[in-house]
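Some notes on the structure that comes next.
The values are calculated or read from the model by the stated rules, or taken from the named source; none is laboratory data. Keep in mind that this is a model prediction, so the values were computed, not measured. FYI the Cβ positions are ideal-geometry reconstructions off the backbone, even for glycines, and counts take in every protein chain you see.
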Amino acid sequence: MPQTICICGAGTMGSGIAQVAAQSGFQTILFDLNKEVIENAKSKNEKDLQRLVEKNKINSTEKENILNRFHFTNNINDCKADIIIEAIIEKIEAKTNLFNQLSLINSAETIFATNTSSLSVTDIAKTILHPERMIGMHFFNPATIMKLVEVVNTNFTNEKTTQIIIALAKQFGKTPVLCKDAAGFIVNHVARPYYLEALRLVEQGIADFETIDALMEATGFKMGPFKLMDLIGNDINYAVSCSVYEAMKKPERLKPSPIQEERVKKNELGKKTGKGYYFYPLPLKGNK
Ligand SMILES: NC(=O)c1ccc[n+]([C@@H]2O[C@H](COP(=O)([O-])OP(=O)(O)OC[C@H]3O[C@@H](n4cnc5c(N)ncnc54)[C@H](O)[C@@H]3O)[C@@H](O)[C@H]2O)c1
């Protein structure tokens, strides 16, 4: 039975996944290269747990116990665990480098899971030291709330790894869905046109983004495409658009939009940078 989970990358997804792990009773290591990101994740997790206390979902002793299960770090040598869940930038070289470094300091039993949204898990597995212990574990945003987890096997993944990750997702209170390693898996494959068609309407001057969001929400979608892209992160969404487009052999209908590229160039990444299509308040530094 796994006891220690290490999450690499403490951004939008990593901080949420870590909270889920700590709340589910696991010793939880949260690692990021960036000191400020770790500080922000720490104060976000504390705030989120305090909110749960205020809503009577947990009591203050439980909150303290959950916080005590966390180890926040900028030191990769602390990343020793039964299961590693990687949630760093959507770049294959960064992910494979990280997994290969982690293989050297972890046991021969450690499982390596990637939260990639769109990169080929097989391509990552091919270049790491232990492909049989590599799997996709794709959470949705916000990870503390969304129930679905896509579990992505490759041809190298052994059965034990798959079963442990399915069991882990259930221990996290999630609903695991096993799927094949394909461009965008299931959800990002189905959802890609939601963003791209909306971007085309703006590109062609047919409607502005606020109108499109308002209209989609009025027809029953929980979030309009532009609000959703800001929540996801425009850099991540653009990277996913590019890799699905490449993997599908560049169909015109899935061509990434220049608007996405422009947002990324301007660092208008959405909620995480305070500006995307909309404006967002950023956490004050050191503010708990
Ligand atoms: N944002 C979403 O809605 C969403 C949903 C599901 C999956 N994902 C996937 O999760 C992963 C992370 O996305 P995110 O939105 O959390 O990104 P993010 O930009 O919010 O965070 C990424 C973090 O990784 C850190 N990092 C970069 N290289 C690192 C390294 N070598 N070692 C340790 N930390 C490193 C960065 O400092 C940053 O804090 C991506 O693969 C993305 O495709 C994202």
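Per-structure values
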quantity	calculated
Where ARG51 falls short, out of the listed (1) touching a residue at least 12 places away in the same chain (Cβ under 8 Å); (2) farther than 19 Å from PHE172 by Cα	(1)
The stretch 96-123 - residue that is under 19 Å from SER241 (Cβ atoms) and surrounded by fewer than 21 Cβ atoms within 10 Å (Cβ to Cβ) and, of those, farthest from the chain's Cα centre (by Cα)	ASP123
Residue match in the stretch 218-227 (condition: over 28 Å from GLY14 (Cβ atoms), surrounded by fewer than 19 Cβ atoms within 10 Å (Cβ to Cβ) and of a type outside the set (A, V, I, L, M, F, W, C))	yes
Number of positions in the stretch 218-257 that are more than 11 Å from the ligand (Cβ to nearest atom), within 16 Å of ILE92 (Cβ to Cβ), of a type outside the set (Val, Ile, Thr) and in contact with a Gly (Cβ under 9 Å, 6 or more places away or on another chain)	1
Unique residue being closer than 29 Å to ASN234 by Cβ, more than 9 Å from the ligand (Cβ to nearest atom) and β-branched (Val, Ile, Thr) when the list is ILE111, ILE135, ILE88, ILE105	ILE135
Positions within the stretch 114-132 being among the hydrophobic types (A, V, I, L, M, F, W, C) and more than 9 Å from the ligand (Cβ to nearest atom), in sequence order	VAL121, ILE124, ALA125, ILE128, LEU129
So GLU93, is it away from the ligand (no atom under 12 Å from the Cβ), assigned by TED's automatic domain parsing to the domain that holds VAL20, free of Cβ contacts under 8 Å to residues at least 40 places away in the same chain and surrounded by fewer than 20 Cβ atoms within 10 Å (Cβ to Cβ)	no
Among the residues listed as ASP208, ASP230, the single one being more than 16 Å from GLY184 (Cα to Cα) and in contact with a strand residue (DSSP E or B) (Cβ under 6 Å, 6 or more places away or on another chain)	ASP230
Failed condition for ASN56, given (1) assigned to a helix (DSSP H, G or I); (2) more than 19 Å from PHE172 (Cβ to Cβ); (3) more than 18 Å from the chain's Cα centre (by Cα)	(1)
Residue match in the stretch 240-250 (condition: surrounded by fewer than 18 Cβ atoms within 10 Å (Cβ to Cβ), assigned to a helix (DSSP H, G or I) and touching a residue at least 60 places away in the same chain (Cβ under 8 Å))	yes
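Conditions tested, residue by residue: (1) surrounded by fewer than 18 Cβ atoms within 10 Å (Cβ to Cβ); (2) free of Cβ contacts under 8 Å to residues at least 12 places away in the same chain.
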position	(1), (2)
GLU132	yes, no
HIS138	no, no
PRO142	yes, no
VAL152	no, no
THR157	no, no
GLN163	yes, yes
LEU196	no, no
LEU199	no, no
